[in-house]
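Before any comments, here is the structure.
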Amino acid sequence: MTRPRQTDNNTTCQNLHCRYHLKEKDKNIIKHGKNRAGHQIYKCLHCNTYFTQTKNTPLYQKHLTEPQITNICKHLVEKNGIRSIERLTGHHRDTIGNLLEDMAEHASEVNNYFMKDLGLSQYECDEIWTFIKKKEKTLKRAGTFEPESGDCYLYTAVKRNSYLFAAFSAGKWTQQTCLDMVRKLAKALKRPSLQCPLEVFTDGNDDYCYILPLCFQLGFVDYGQLIKIKRNGRWVVGKKRLVIYGEPSLGDIETTDVENFNSVLRERLGRLVRESKCLSKVKRRLVCAVELFKFYWNFINEFKRNVSPAKLEGLTDHLWSWHEFFYYQSLSNLS
Ligand SMILES: [Zn+2]
(Lines give C-alpha, C1' and ligand atoms only; values in the text may rest on other atoms or scores of the structure.)
Protein backbone atom coordinates (compact mmCIF):
# COMPACT_ATOMS: atom_id res chain seq x y z
CA MET A 1 0.00 0.00 0.00
CA THR A 2 1.39 3.41 -0.92
CA ARG A 3 1.88 6.21 1.56
CA PRO A 4 -0.60 9.10 1.12
CA ARG A 5 1.01 12.14 -0.46
CA GLN A 6 1.69 15.07 1.80
CA THR A 7 0.54 18.30 0.20
CA ASP A 8 0.23 20.51 3.27
CA ASN A 9 3.60 22.26 2.82
CA ASN A 10 3.97 26.02 3.10
CA THR A 11 5.31 26.61 -0.40
CA THR A 12 3.66 27.62 -3.65
CA CYS A 13 4.44 26.91 -7.33
CA GLN A 14 7.36 29.03 -8.56
CA ASN A 15 6.73 28.38 -12.27
CA LEU A 16 5.75 31.69 -13.91
CA HIS A 17 3.68 29.95 -16.57
CA CYS A 18 1.69 27.78 -14.16
CA ARG A 19 -1.95 28.66 -13.44
CA TYR A 20 -1.18 28.10 -9.76
CA HIS A 21 1.93 30.35 -9.71
CA LEU A 22 2.30 31.58 -6.09
CA LYS A 23 -1.29 30.55 -5.38
CA GLU A 24 -2.06 28.98 -2.02
CA LYS A 25 -5.58 27.85 -2.93
CA ASP A 26 -5.95 24.43 -4.63
CA LYS A 27 -2.19 24.06 -5.02
CA ASN A 28 -0.91 20.53 -5.42
CA ILE A 29 2.72 20.38 -4.40
CA ILE A 30 4.63 17.35 -3.17
CA LYS A 31 8.14 16.93 -1.82
CA HIS A 32 10.66 15.45 -4.22
CA GLY A 33 13.86 14.73 -2.33
CA LYS A 34 16.68 17.08 -1.48
CA ASN A 35 19.53 18.54 -3.50
CA ARG A 36 23.23 18.31 -2.61
CA ALA A 37 23.12 21.35 -0.37
CA GLY A 38 20.30 19.72 1.61
CA HIS A 39 17.57 22.04 0.36
CA GLN A 40 14.14 20.52 -0.21
CA ILE A 41 13.01 20.02 -3.81
CA TYR A 42 9.29 20.30 -4.58
CA LYS A 43 7.19 19.26 -7.55
CA CYS A 44 4.00 20.98 -8.67
CA LEU A 45 1.58 18.35 -9.93
CA HIS A 46 -0.35 20.90 -12.00
CA CYS A 47 2.52 21.87 -14.28
CA ASN A 48 4.92 18.99 -13.50
CA THR A 49 7.86 21.28 -12.76
CA TYR A 50 10.42 20.99 -10.00
CA PHE A 51 11.74 23.81 -7.87
CA THR A 52 13.73 24.15 -4.67
CA GLN A 53 12.57 25.77 -1.46
CA THR A 54 15.33 28.36 -1.87
CA LYS A 55 13.91 29.93 -5.08
CA ASN A 56 13.71 33.74 -4.67
CA THR A 57 15.88 33.68 -1.56
CA PRO A 58 19.58 34.57 -1.24
CA LEU A 59 20.26 30.84 -0.70
CA TYR A 60 19.18 30.00 -4.27
CA GLN A 61 21.81 28.13 -6.32
CA LYS A 62 24.27 28.16 -3.44
CA HIS A 63 26.38 25.06 -2.91
CA LEU A 64 26.65 25.70 0.83
CA THR A 65 24.09 24.31 3.24
CA GLU A 66 21.92 26.62 5.29
CA PRO A 67 23.83 26.01 8.58
CA GLN A 68 27.11 26.86 6.78
CA ILE A 69 25.61 30.08 5.37
CA THR A 70 24.18 31.03 8.76
CA ASN A 71 27.59 30.47 10.30
CA ILE A 72 29.28 32.76 7.74
CA CYS A 73 26.64 35.46 8.31
CA LYS A 74 27.19 35.29 12.06
CA HIS A 75 30.92 35.76 11.54
CA LEU A 76 30.34 38.68 9.15
CA VAL A 77 28.52 40.71 11.79
CA GLU A 78 30.91 39.83 14.61
CA LYS A 79 34.18 41.50 13.78
CA ASN A 80 35.50 38.96 11.27
CA GLY A 81 36.92 39.96 7.92
CA ILE A 82 36.43 37.87 4.79
CA ARG A 83 39.87 36.28 5.00
CA SER A 84 39.50 35.49 8.68
CA ILE A 85 36.21 33.73 7.89
CA GLU A 86 38.05 31.85 5.14
CA ARG A 87 40.51 30.58 7.74
CA LEU A 88 37.78 29.82 10.29
CA THR A 89 35.36 27.97 8.03
CA GLY A 90 37.54 26.75 5.17
CA HIS A 91 35.32 28.30 2.47
CA HIS A 92 37.02 30.29 -0.27
CA ARG A 93 37.13 34.08 0.21
CA ASP A 94 35.37 34.63 -3.14
CA THR A 95 32.49 32.42 -1.97
CA ILE A 96 32.22 34.47 1.22
CA GLY A 97 32.54 37.79 -0.64
CA ASN A 98 29.82 36.85 -3.12
CA LEU A 99 27.63 35.62 -0.29
CA LEU A 100 28.08 38.95 1.49
CA GLU A 101 26.92 40.82 -1.63
CA ASP A 102 23.85 38.59 -2.10
CA MET A 103 22.95 38.86 1.58
CA ALA A 104 23.38 42.65 1.51
CA GLU A 105 21.06 42.92 -1.50
CA HIS A 106 18.44 40.85 0.31
CA ALA A 107 18.97 42.83 3.53
CA SER A 108 18.46 46.06 1.61
CA GLU A 109 15.12 44.77 0.22
CA VAL A 110 13.90 43.65 3.63
CA ASN A 111 15.15 46.86 5.27
CA ASN A 112 13.34 49.01 2.71
CA TYR A 113 10.16 46.97 3.18
CA PHE A 114 10.07 47.39 6.95
CA MET A 115 11.81 50.70 7.51
CA LYS A 116 9.12 53.13 6.42
CA ASP A 117 6.80 55.51 8.25
CA LEU A 118 9.17 55.52 11.20
CA GLY A 119 7.97 57.55 14.16
CA LEU A 120 9.18 61.14 14.31
CA SER A 121 11.02 62.01 17.39
CA GLN A 122 14.66 62.48 18.19
CA TYR A 123 17.29 61.35 15.70
CA GLU A 124 21.03 61.75 16.10
CA CYS A 125 23.48 61.90 13.19
CA ASP A 126 27.22 61.50 13.16
CA GLU A 127 30.10 60.48 10.93
CA ILE A 128 32.66 57.72 11.29
CA TRP A 129 36.01 57.70 9.54
CA THR A 130 37.39 54.77 7.59
CA PHE A 131 39.32 54.33 4.36
CA ILE A 132 39.10 52.37 1.13
CA LYS A 133 42.22 50.48 0.02
CA LYS A 134 44.76 53.08 1.23
CA LYS A 135 44.80 55.93 3.70
CA GLU A 136 44.83 59.43 2.22
CA LYS A 137 48.46 60.11 3.20
CA THR A 138 49.70 56.86 1.61
CA LEU A 139 47.80 57.76 -1.52
CA LYS A 140 49.40 61.23 -1.60
CA ARG A 141 52.87 59.77 -1.06
CA ALA A 142 52.40 57.35 -3.96
CA GLY A 143 51.11 60.22 -6.11
CA THR A 144 48.57 58.03 -7.90
CA PHE A 145 45.03 59.11 -8.66
CA GLU A 146 42.41 56.65 -7.48
CA PRO A 147 39.06 58.42 -7.10
CA GLU A 148 37.40 55.75 -4.96
CA SER A 149 40.35 55.03 -2.66
CA GLY A 150 41.46 57.05 0.31
CA ASP A 151 39.52 58.39 3.24
CA CYS A 152 35.86 57.49 3.39
CA TYR A 153 33.20 58.56 5.86
CA LEU A 154 30.12 56.70 6.99
CA TYR A 155 27.28 59.09 7.80
CA THR A 156 24.88 57.40 10.19
CA ALA A 157 21.49 58.29 11.69
CA VAL A 158 20.22 56.57 14.83
CA LYS A 159 16.94 57.01 16.65
CA ARG A 160 17.45 58.07 20.25
CA ASN A 161 16.68 55.55 23.02
CA SER A 162 15.66 52.64 20.76
CA TYR A 163 19.00 52.75 18.86
CA LEU A 164 17.20 52.01 15.59
CA PHE A 165 19.79 52.30 12.82
CA ALA A 166 17.67 54.40 10.45
CA ALA A 167 19.97 55.38 7.58
CA PHE A 168 23.56 55.56 6.39
CA SER A 169 25.66 56.61 3.42
CA ALA A 170 29.33 56.18 2.59
CA GLY A 171 31.61 58.52 0.69
CA LYS A 172 33.97 61.45 0.90
CA TRP A 173 33.50 64.23 3.48
CA THR A 174 31.19 66.20 1.19
CA GLN A 175 27.70 67.65 1.24
CA GLN A 176 26.70 65.09 -1.39
CA THR A 177 27.38 62.15 0.99
CA CYS A 178 25.52 63.99 3.74
CA LEU A 179 22.62 64.65 1.35
CA ASP A 180 22.46 60.95 0.39
CA MET A 181 22.10 60.01 4.04
CA VAL A 182 19.50 62.66 4.92
CA ARG A 183 17.47 61.73 1.81
CA LYS A 184 17.45 58.07 2.90
CA LEU A 185 16.40 59.15 6.38
CA ALA A 186 13.60 61.33 4.98
CA LYS A 187 12.37 58.39 2.88
CA ALA A 188 12.17 56.12 5.92
CA LEU A 189 10.35 58.62 8.15
CA LYS A 190 6.76 59.76 8.42
CA ARG A 191 6.15 63.21 6.97
CA PRO A 192 6.90 65.77 9.67
CA SER A 193 4.29 68.45 10.36
CA LEU A 194 3.94 71.61 12.41
CA GLN A 195 2.30 69.66 15.26
CA CYS A 196 4.73 66.80 15.03
CA PRO A 197 8.16 68.05 13.97
CA LEU A 198 11.27 65.97 13.42
CA GLU A 199 14.09 66.56 15.87
CA VAL A 200 17.67 66.15 14.65
CA PHE A 201 20.85 66.52 16.66
CA THR A 202 24.42 66.42 15.36
CA ASP A 203 27.89 67.55 16.27
CA GLY A 204 29.34 70.75 14.83
CA ASN A 205 29.35 69.56 11.19
CA ASP A 206 27.84 72.47 9.26
CA ASP A 207 26.80 70.35 6.26
CA TYR A 208 23.52 69.51 7.99
CA CYS A 209 22.61 73.22 8.15
CA TYR A 210 22.53 73.31 4.34
CA ILE A 211 21.20 69.80 3.74
CA LEU A 212 18.27 69.62 6.18
CA PRO A 213 16.27 72.43 4.47
CA LEU A 214 16.70 70.59 1.15
CA CYS A 215 14.95 67.48 2.49
CA PHE A 216 12.49 68.87 5.05
CA GLN A 217 10.29 71.93 5.10
CA LEU A 218 11.66 74.52 7.51
CA GLY A 219 9.42 74.83 10.55
CA PHE A 220 8.85 71.07 10.48
CA VAL A 221 12.32 70.29 11.72
CA ASP A 222 13.98 71.17 15.01
CA TYR A 223 17.74 71.03 14.67
CA GLY A 224 20.36 71.47 17.36
CA GLN A 225 24.14 71.15 17.34
CA LEU A 226 26.35 69.99 20.18
CA ILE A 227 29.78 71.53 19.78
CA LYS A 228 32.57 70.09 21.85
CA ILE A 229 35.20 72.54 22.99
CA LYS A 230 38.55 70.81 22.86
CA ARG A 231 41.90 71.70 24.36
CA ASN A 232 45.02 70.86 22.32
CA GLY A 233 42.63 69.35 19.78
CA ARG A 234 42.07 66.31 21.99
CA TRP A 235 40.59 66.74 25.44
CA VAL A 236 37.00 67.83 25.65
CA VAL A 237 36.82 70.65 28.18
CA GLY A 238 33.29 71.86 27.54
CA LYS A 239 30.15 71.54 25.47
CA LYS A 240 28.25 74.25 23.66
CA ARG A 241 24.62 73.69 22.60
CA LEU A 242 23.34 75.62 19.59
CA VAL A 243 19.79 75.81 18.26
CA ILE A 244 19.96 76.06 14.46
CA TYR A 245 16.38 75.54 13.28
CA GLY A 246 13.06 75.39 15.16
CA GLU A 247 12.77 75.16 18.91
CA PRO A 248 14.43 72.04 20.33
CA SER A 249 14.88 72.23 24.10
CA LEU A 250 18.52 72.83 25.00
CA GLY A 251 18.70 69.86 27.35
CA ASP A 252 17.75 67.50 24.48
CA ILE A 253 20.75 68.45 22.37
CA GLU A 254 23.01 65.42 22.80
CA THR A 255 24.79 63.00 20.50
CA THR A 256 25.74 60.28 22.98
CA ASP A 257 23.48 57.60 21.47
CA VAL A 258 24.86 57.89 17.94
CA GLU A 259 28.44 58.07 19.23
CA ASN A 260 27.81 54.97 21.28
CA PHE A 261 26.25 53.24 18.26
CA ASN A 262 29.19 54.20 16.02
CA SER A 263 31.62 52.68 18.48
CA VAL A 264 29.56 49.46 18.38
CA LEU A 265 29.67 49.60 14.58
CA ARG A 266 33.43 50.04 14.66
CA GLU A 267 33.77 47.09 16.99
CA ARG A 268 31.41 44.73 15.15
CA LEU A 269 32.54 45.20 11.55
CA GLY A 270 36.02 43.79 10.95
CA ARG A 271 36.81 46.34 8.27
CA LEU A 272 36.12 49.27 10.62
CA VAL A 273 38.35 48.06 13.47
CA ARG A 274 41.27 50.47 13.88
CA GLU A 275 44.90 49.33 13.58
CA SER A 276 44.07 45.99 11.99
CA LYS A 277 44.98 44.29 8.73
CA CYS A 278 41.34 44.09 7.75
CA LEU A 279 40.20 46.83 5.37
CA SER A 280 37.82 47.57 2.53
CA LYS A 281 39.33 47.32 -0.95
CA VAL A 282 36.26 48.66 -2.74
CA LYS A 283 33.49 50.94 -1.51
CA ARG A 284 30.78 48.55 -2.70
CA ARG A 285 31.84 45.89 -0.21
CA LEU A 286 31.90 48.41 2.63
CA VAL A 287 28.33 49.43 1.81
CA CYS A 288 27.33 45.73 1.64
CA ALA A 289 28.84 45.02 5.05
CA VAL A 290 27.04 47.97 6.66
CA GLU A 291 23.74 47.10 4.94
CA LEU A 292 23.85 43.54 6.30
CA PHE A 293 24.81 44.84 9.73
CA LYS A 294 21.90 47.30 9.58
CA PHE A 295 19.42 44.44 9.24
CA TYR A 296 21.20 42.35 11.87
CA TRP A 297 21.32 45.20 14.36
CA ASN A 298 17.68 46.25 13.91
CA PHE A 299 16.01 42.85 13.73
CA ILE A 300 18.20 39.95 14.88
CA ASN A 301 20.56 41.27 17.53
CA GLU A 302 19.20 41.15 21.07
CA PHE A 303 19.63 44.76 22.07
CA LYS A 304 18.19 44.41 25.56
CA ARG A 305 16.61 41.35 27.11
CA ASN A 306 14.34 39.86 24.42
CA VAL A 307 14.01 43.08 22.41
CA SER A 308 15.58 44.44 19.25
CA PRO A 309 15.47 48.08 18.09
CA ALA A 310 12.84 47.15 15.47
CA LYS A 311 10.68 45.51 18.15
CA LEU A 312 10.96 48.60 20.35
CA GLU A 313 9.77 50.69 17.40
CA GLY A 314 6.88 48.34 16.67
CA LEU A 315 8.16 47.33 13.22
CA THR A 316 8.03 43.66 14.19
CA ASP A 317 6.68 41.69 17.16
CA HIS A 318 9.57 39.29 17.73
CA LEU A 319 13.31 38.79 17.44
CA TRP A 320 14.22 37.49 14.00
CA SER A 321 16.34 34.46 13.24
CA TRP A 322 18.73 34.16 10.29
CA HIS A 323 16.47 31.45 8.83
CA GLU A 324 13.53 33.83 8.84
CA PHE A 325 15.66 36.50 7.19
CA PHE A 326 16.77 34.15 4.38
CA TYR A 327 13.22 33.05 3.59
CA TYR A 328 11.47 36.34 4.13
CA GLN A 329 11.00 37.08 0.43
CA SER A 330 9.28 33.81 -0.39
CA LEU A 331 6.93 34.12 2.56
CA SER A 332 5.92 37.66 1.59
CA ASN A 333 5.11 36.34 -1.90
CA LEU A 334 2.56 33.98 -0.43
CA SER A 335 0.08 36.62 0.57
ZN1 LIG B 1 2.79 24.72 -11.09
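If you filter the stretch 17-39 down to residues that are within 30 Å of Gln68 (Cβ to Cβ) and within 16 Å of the ligand (Cβ to nearest atom), you find that the one that is surrounded by the most Cβ atoms within 10 Å (Cβ to Cβ) is Ile29. Once the stretch 40-55 is narrowed to residues that are polar (S, T, N, Q) and surrounded by fewer than 17 Cβ atoms within 10 Å (Cβ to Cβ), the residue that is modelled with the lowest pLDDT is Gln40.
Only one of the numbered conditions (1) in contact with a Pro (Cβ under 7 Å, 6 or more places away or on another chain); (2) within 16 Å of the ligand (Cβ to nearest atom); (3) not polar (S, T, N, Q) is violated by Met103, and that is (2).
Taking the stretch 45-69 as the range and being away from the ligand (no atom under 16 Å from the Cβ) and closer than 29 Å to Leu16 by Cα as the test, the residues that pass are Thr54, Thr57, Pro58, Leu59, Tyr60, Gln61, Lys62, His63, Leu64, Thr65, Glu66, Ile69.
Looking at Leu179, Leu99, just one residue is more than 16 Å from the chain's Cα centre (by Cα), surrounded by 15 or more Cβ atoms within 10 Å (Cβ to Cβ) and hydrophobic (A, V, I, L, M, F, W, C), and that residue is Leu179. The test for being at pLDDT 90 or above, surrounded by 13 or more Cβ atoms within 10 Å (Cβ to Cβ), under 30 Å from Met103 (Cα atoms) and assigned by TED's automatic domain parsing to the domain that holds Glu124 does not hold for Gly246.
Six or more apart or on different chains, Cβ under 7 Å: which pairs go from a residue in the stretch 204-221 that's on the phi > 0 side of the Ramachandran plot to one that's loosely packed, with under 12 Cβ neighbours inside 10 Å and part of a loop (DSSP other than H, G, I, E, B)? Could you list them? From the stretch 204-221, the pairs are Gly219/Leu194. A single member of Cys125, Cys178 is assigned to a helix (DSSP H, G or I) and either under 21 Å from Met115 (Cβ atoms) or modelled with pLDDT of 95 or more (or both), and it is Cys178. For the stretch 209-243, give me the residue count where each residue is part of a loop (DSSP other than H, G, I, E, B) and not hydrophobic (A, V, I, L, M, F, W, C). Counting residues in the stretch 209-243 that are part of a loop (DSSP other than H, G, I, E, B) and not hydrophobic (A, V, I, L, M, F, W, C) gives 5.
Going through (1) free of Cβ contacts under 8 Å to residues at least 40 places away in the same chain; (2) more than 16 Å from the ligand (Cβ to nearest atom) one by one, Glu78 falls short only on (1). Being in a helix (DSSP H, G or I) and either under 21 Å from the mean Cα position of the chain (by Cα) or at pLDDT 95 or above (or both) is the filter here; which residues of the stretch 182-207 pass it? Matches in the stretch 182-207: Val182, Arg183, Lys184, Leu185, Ala186, Lys187, Ala188.
Results for (1) surrounded by 14 or more Cβ atoms within 10 Å (Cβ to Cβ); (2) over 14 Å from the mean Cα position of the chain (by Cα); (3) within 30 Å of Phe220 (Cα to Cα), shown as yes or no for each residue.
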{"position": "Leu76", "(1), (2), (3)": "yes, no, no"}
{"position": "Met115", "(1), (2), (3)": "yes, no, yes"}
{"position": "Glu124", "(1), (2), (3)": "yes, yes, yes"}
{"position": "Phe131", "(1), (2), (3)": "yes, yes, no"}
{"position": "Lys135", "(1), (2), (3)": "yes, yes, no"}
{"position": "Leu139", "(1), (2), (3)": "yes, yes, no"}
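Residues are listed down the side, and each one gets a yes or a no for (1) modelled with pLDDT of 95 or more; (2) under 30 Å from Ser193 (Cβ atoms); (3) among the β-branched types (Val, Ile, Thr):
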position	(1), (2), (3)
Glu109	no, yes, no
Lys133	no, no, no
Leu139	no, no, no
Thr144	no, no, yes
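Hey, among the residues in the stretch 219-231 that are more than 20 Å from Thr256 (Cβ to Cβ) and more than 29 Å from the chain's Cα centre (by Cα), which one's surrounded by the most Cβ atoms within 10 Å (Cβ to Cβ)? Only one residue fits best here, namely Gly219.
Listed here are the residues, each with its yes/no results for (1) crowded, with 18+ Cβ neighbours inside 10 Å; (2) assigned by TED's automatic domain parsing to the domain that holds Ala170; (3) among the aliphatic types (A, V, I, L, M).
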| site | (1), (2), (3) |
| --- | --- |
| Leu185 | yes, yes, yes |
| Arg191 | no, yes, no |
| Cys196 | no, yes, no |
| Thr202 | yes, yes, no |
| Asp206 | no, yes, no |
| Phe216 | yes, yes, no |
| Gly233 | no, yes, no |
| Val236 | no, yes, yes |
| Leu242 | no, yes, yes |
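The values are calculated or read from the model by the stated rules, or taken from the named source; none is laboratory data. Worth saying up front: this structure is predicted, and the values here are computed from it rather than measured. Quick reminder, even Gly has a Cβ in these numbers, built from the backbone with ideal geometry, and neighbours come from all protein chains shown.
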